[in-house]
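Let me begin by presenting the structure, written as structure tokens, before commenting on it.
The values are calculated or read from the model by the stated rules, or taken from the named source; none is laboratory data. All values derive from a computational prediction rather than experimental measurement. All Cβ positions, glycine included, derive from the backbone under ideal geometry; neighbour counts span all protein chains shown.
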Ligand SMILES: Nc1ncnc2c1ncn2[C@@H]1O[C@H](COP(=O)(O)OP(=O)(O)OP(=O)(O)O)[C@@H](O)[C@H]1O
Ligand SMILES: [Mg+2]
């Protein structure tokens, strides 16, 4: 470590000397200055590996020093200190590339440990002048050409190699896991493990040992020691899915891993150091959960360093044709079918549907249609009823009598069915509301639902 140069910027003489001394005693080459201008001139004239700066320093403030230092030396590791920095400032600083935001008084031993870990990580990571671009193979699996999805690609490229914690928001089926993998496989950790953990699916009493492992005999049934998923993921990425469902007790433990990069096995006596990147996902409104004291605020801010919000499919209908094509190709092979495509009219219906289950729902519907149809082109009559009700909205103005005639009763029944289904969808199944939408009383609606077998 001794060949690493550290620069300490702190206007408080006692604090500065104390830090400089402690770091020197540990073998680092250390310079200490009082203000931002002096700091910048040192950074311009010699190679500084680690910058430790207070947020409030004379002449140039800590944030500007940070940006300037990063501009001059992309590889510089920056720790920022403050008397009582607000969470907003901390998040901002981390977005600008600060390794860690610490509140004074800083414990030198802790800081030295963190510095050593950061240097080690930097050495493992090949320096790249350009931001990472997502590899072609990953890009091929994420379908979409809309502005919404292109923005996501750009963001992935920017964050992949940073080690920053990413929190992915999105309705169910929007591709949260797919994007988490894209980030991992575009990062320098790509040859290391990607370990997903579904925090909602594992019973609470098992989750702790699942995540952190346990020592032999630590509880009844613990016949052998077990390595937890965080340890298995060392130097890789842990994907914490449905983080909003995690119990308060485990939230504390996760916070510790994030803050200290260390964990304790169940029944363990000594902490274990780990180097992991965390990507979390949730379909819940975590900010609301924080307001309702269901989710720890400190953990929320630790996780929410880089928020990524995945758009609902209904918000990007122009991607639907591409996705349909993609899934047809996949299922033609998987199910040995020869479906050539989708008619324009059927595609319009697919685009008009609201997709509450997003891409997963689209994928399932394409799979079902392909299984049921051997070959040819998917047309309107191949679509499930729930999708057809979306078409009604546009077609209800003008009903065309087919050239070869039609059964009046069937057409009217169909029309009724679709109208009612649509009203029920719009009112999320609340019959009172649906009846209001159709301007009919509730009893009539209930009778019709029964008669039409809905
Ligand atoms: N842009 C996309 N292009 C192609 N396939 C996609 C895309 N987004 C999602 N998928 C596919 O849709 C399915 C659902 O994606 P994923 O499991 O990542 O979503 P999720 O948000 O984690 O869903 P859930 O909330 O249900 O866990 C997967 O099979 C995934 O491969
Ligand atoms: Mg998922």
Residues in the stretch 71-83: is at least one exposed (fewer than 15 other Cβ atoms within 10 Å of the Cβ) and over 22 Å from residue 163 (Cβ atoms)?
yes
Checked 240, 155 against criteria (within 16 Å of ligand 1 (Cβ to nearest atom), outside any helix (DSSP H, G or I), crowded, with 17+ Cβ neighbours inside 10 Å and within 19 Å of the chain's Cα centre (by Cα)); the one match is 240
Residue in the stretch 68-102 that is nearest to the chain's Cα centre (by Cα), counting only those that are closer than 14 Å to residue 9 by Cβ and in a loop (DSSP other than H, G, I, E, B):
98
Failed condition for residue 339, given (1) in a helix (DSSP H, G or I); (2) over 30 Å from residue 287 (Cα atoms)
(1)
Qualifying residue in the stretch 272-286 (condition: without any contact (Cβ under 8 Å) to a residue 24 or more places away in the chain and within 19 Å of the chain's Cα centre (by Cα))
yes
Of all residues in the stretch 158-179 being within 16 Å of residue 235 (Cα to Cα) and either more than 13 Å from the chain's Cα centre (by Cα) or buried (at least 21 other Cβ atoms within 10 Å of the Cβ) (or both), the one that is nearest to ligand 1 (Cβ to nearest atom)
160
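Looking at 51, 111, 65, which is the one that is in contact with a helix residue (DSSP H, G or I) (Cβ under 6 Å, 6 or more places away or on another chain) and part of a helix (DSSP H, G or I)?
65
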Out of the stretch 133-188, which residues are farther than 24 Å from residue 360 by Cβ, in contact (Cβ under 8 Å) with a residue 12 or more places away in the chain and out of contact with any helix residue (DSSP H, G or I) (no Cβ under 9 Å at 6 or more places or on another chain)?
157, 158, 161, 162
May I ask you to verify whether residue 233 is surrounded by fewer than 19 Cβ atoms within 10 Å (Cβ to Cβ), assigned by TED's automatic domain parsing to the domain that holds residue 277 and away from ligand 1 (no atom under 16 Å from the Cβ)?
no
